[in-house]
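A short worksheet on the structure shown next.
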Amino acid sequence: QVADVQWSTPAKMLRGRSGSNGALKVGADRIVFESSKDSRTWRYSDILDIASESPFELTITTLDRETRIQLKQFLPEERYNDLWRRISEANGLHAFHSSLENHHD
């Protein structure tokens, strides 16, 4: 369960040639897929990588498996980049900022 849903989209978690329809919910520290048949929660710190081959697909990779999710709505690049940054930071990677951003006169 995600108490602080940042955004949500209808989705299908793929399993071979089938899958289950539900909703993908993104919170401050986790991603949740909820459906009547199959639900799954991924804490950002447990996710090794996310990838998106198209704005309608998201792949979540953890130590135990790779989960493909078909999105029923377009995933904007800014939203994907924000999610990637959150997961990376939860795993100890700090985003680099240019020296121009930190320069004060």
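The values are calculated or read from the model by the stated rules, or taken from the named source; none is laboratory data. Since this is a predicted model, take the numbers as computed values, not measurements. Note: ideal-geometry Cβ built from the backbone for every residue, glycine included; neighbour counts use all protein chains shown. For accessibility, only protein heavy atoms count, side chains too; no ligands or nucleic acids. Shrake-Rupley method; radii C 1.70, N 1.55, O 1.52, S 1.80 Å.
So if I take the centroid of the Cα atoms in the stretch 76-92 and the same for the stretch 39-75, what is the distance between those two points in Å? With the stretch 76-92 and the stretch 39-75 each reduced to a Cα centre, they are spaced 12 Å. Largest to smallest in accessible area, the residues Trp42, Trp7 fall in the order Trp7, Trp42 (1.4 Å probe, all protein chains included).
Here each label is just a point 7 Å from Cα along the line to Cβ, and for Ser35 and Asp64 those points are 1.8 nm apart. Close amide-amide hydrogen proximity is noted between Gln6 and Val26, Gly27, Ala28, each under 5 Å apart and 5 or more residues distant or on a separate chain (H modeled in the peptide plane; Pro and chain starts excluded). In the chain, the calculated helix contribution to ellipticity at 222 nm averages -5000 deg cm²/dmol per residue, counting -39,500 (n - 2.57) for every DSSP H run with n ≥ 4. To test your reading of the geometry: what angle, between 0 and 90 degrees and rounded to tens, separates the Cα axis of helix 77-90 from the longest principal axis of the chain? Compared with the principal axis, the helix lies near 80 degrees. When Arg43, Arg86, Arg65 are compared by accessible area at a 1.4 angstrom probe, the order from most to least is Arg43, Arg65, Arg86. If the segment from Arg43 to Asn21 were pulled out straight at 0.36 nm per residue, it would be longer than the present Cα-Cα gap by 5.8 nm.
Three principal axis extents of the chain based on alpha-carbon atoms, in descending order, are 57, 27, 26 Å. For the stretch 9-15, the Karplus equation 6.51 cos²θ - 1.76 cosθ + 1.60, evaluated at θ = phi - 60°, returns couplings of 8, x, 7, 10, 7, 8, 9 Hz by residue, with Gly and Pro reported as x.
Once all protein chains are placed together, Lys12 keeps about 50 Å² accessible to a 1.4 angstrom probe. Overall, the ratio between the Cα radius of gyration of the stretch 42-91 and 2.2 N^0.38 Å, rounded to two decimals, is 1.08.
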